[in-house]
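Written below as structure tokens is the structure these notes are about.
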Amino acid sequence: MLKDEDVQAVDQLNQAFSTITGELSKVIVGQQQVIEEMLIALFARGHCLLVGVPGLAKTLMIHTLADALSLKFSRIQFTPDLMPSDITGTEVIQEDKASGIRELRFLQGPIFAQVILADEINRTPPKTQAALLEAMQEHQVTVGGRRHPLQEPFFVLATQNPIEQEGTYPLPEAQLDRFMFNVLVDYPDEKEEFEIVRRTTADVTTHVTATLCADDIARLSTIVRRVPIADHVVRYALQLARQTRREKAQVPDFIQEYVTWGAGPRASQFLVLGAKARAILHGRYYVDIEDIQAVAPPVMRHRIMTNFNAEAEGIKPDTIVRMLIETIPVHEFEHRQSEQQPEIFRSADAG
């Protein structure tokens with residue numbers, strides 16, 4: 001159950017969400033769902049993989065988000081010749097001119113920031129991808145046998161071009177699984193594209209006002225894990241993940257037909273964490289099944305491996321997730337809600 005100060009923090013986060021969205025809209029036209037998913041991952045202490053064709057303002061969106069949150073931003077352009085030391089930093093020998101003593105000094109790389117844009121992450125070799133993996137998972141880098149902690153909050157947003165794959169190094173499943181969300185950045189509609197062209201071809205400079213600071217984000221992200229969630233909602237999240245595993249019995253026929261490998265336990269964890277963050281961003285003090293369904297596509301689309309049959313019929317992981325949501329009966333989980341629901345849920349519903 002949330003304490004009074006936690007309830008106030010939830011209200012603050014809900015207000016901050018509206019303010020941040022308004023600040024980003026000064027620069028970014030549309031992409032409301034992308035912005036919301038990025039903020040959900042940020043406050044859930046996760047990382048995002050953004051997939052979209054060039055020219056959809058992915059870099060501008062991430063940089064503007066860092067400005068709105070008063071976080072240090074760093075962009076790393078991944079290339080085939082990029083080495084791990086190019087992103088983590090390296091040790092150099094420096095001589096003290098007064099004493100003549102030489103000593104090793106660590107020079108920090110671009111990874112030492114709070115919002116990292118890993119641009120075209122699949123264009124760099126696995127050795128460099130592994131260096132980023134350590135930073136994402138451990139929030140530290142190891143150079144010369146020494147560990148160097150990264151500044152909190154630490155948030156990696158990696159981009160991929162889904163069209164051009166020649167000369168790339170596809171991310172292994174182990175590294176893809178480290179990303180909380182796989183966010184699809186789609187083309188704008190006609191009205192949004194008209195506004196984009198109108199804004200970007202005029203001599204107008206827009207300034208974004210900082211809404212939160214690093215300490216606020218660290219404090220508010222702690223509240224996310226305290227948000228109560230009923231057992232029947234957790235079980236629903238578990239079923240969404242477990243029903244993708246064709247090795248198990250009693251899975252839908254379309255899973256047997258189209259899926260090679262299903263989502264692991266980390267998917268269940270991120271479904272619950274993402275749903276908690278989404279609930280409080282929308283000003284609610286509890287998690288609903290609707291929140292699980294809303295975060296299911298970005299959580300699961302990179303954790304479901306489809307087979308040749310799916311590719312031949314144009315069945316995408318998003319299609320699998322949508323079919324699962326339509327197949328799993330929600331009423332089986334909701335009929336026990338009134339008996340198992342903690343008091344805070346009943347009081348919130350009554351209000």
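Any read-out appearing in this document is the output of simple, stated calculations on the displayed coordinates, not a laboratory observation. What you are looking at is a predicted structure, and each value in this text was computed from that prediction instead of being measured. We place every Cβ from the backbone using ideal geometry, glycine too, and count neighbours over all the protein chains shown.
Contact order, relative form, for the chain: 22 percent (alpha carbon pairs under 8 Å, 6 or more residues apart, mean separation divided by residue count).
Over all distinct Cα pairs, what is the inverse of the mean 1/r for the stretch 173-279, reported as the Kirkwood hydrodynamic radius in Å? Don't skip to the answer; put the middle values down first.
Details: mean 1/r = 0.0552 Å⁻¹.
For the stretch 173-279, inverting the mean 1/r across all distinct Cα pairs yields 18.1 Å.
Rounded to the nearest 20, the size of the Cβ-charge dipole of the chain about its Cα centre is 800 debye, with Lys and Arg at +1 and Asp and Glu at -1. Between the C-alpha center of the stretch 229-249 and that of the stretch 56-77 there is a gap of 35 Å. Only alpha carbons enter this Debye calculation for the stretch 102-207, each as an equal point scatterer, and the log10 of I(q)/I(0) it gives at q = 0.13, 0.24 Å⁻¹ is -0.68, -1.32. Counted over the stretch 162-224 with a bin width of 10 Å, the fraction of Cα pairs per bin, in whole percents, is 13, 20, 28, 35, 3.
Short-range pairs are left out: with C-alpha atoms under 8 Å and at least six residues apart, the relative contact order of the stretch 229-340 is 33 percent.
The smallest convex shape that holds all Cα atoms of the chain, its convex hull, gives 186 Å³ per residue. The length gained on full extension between Gln151 and Gln12, counted as 0.36 nm times the residue separation minus their Cα-Cα distance, comes to 47.7 nm.
Most exposed first by the Cβ proxy, i.e. fewest other Cβ within 10 Å, how do Ile217, Ile163, Ile328 rank?
Working: Ile217 22, Ile163 8, Ile328 16.
Ranked by crowding around the Cβ, least crowded first: Ile163, Ile328, Ile217.
Any idea what diffusion coefficient the stretch 229-340 gets from Stokes-Einstein, in µm²/s, Kirkwood Rh on alpha carbon pairs, 37 °C, 0.692 mPa s? The partial results should precede the final answer.
Numbers: Rh = 14.3 Å.
For these conditions, the coefficient is 229 µm²/s.
Within a 10 angstrom radius of the beta carbon, how do Arg146, Arg284, Arg303 rank from fewest other beta carbons to most? Provide the component values of the computation, followed by the final result.
On the way: Arg146 10, Arg284 16, Arg303 22.
Lowest count first: Arg146, Arg284, Arg303.
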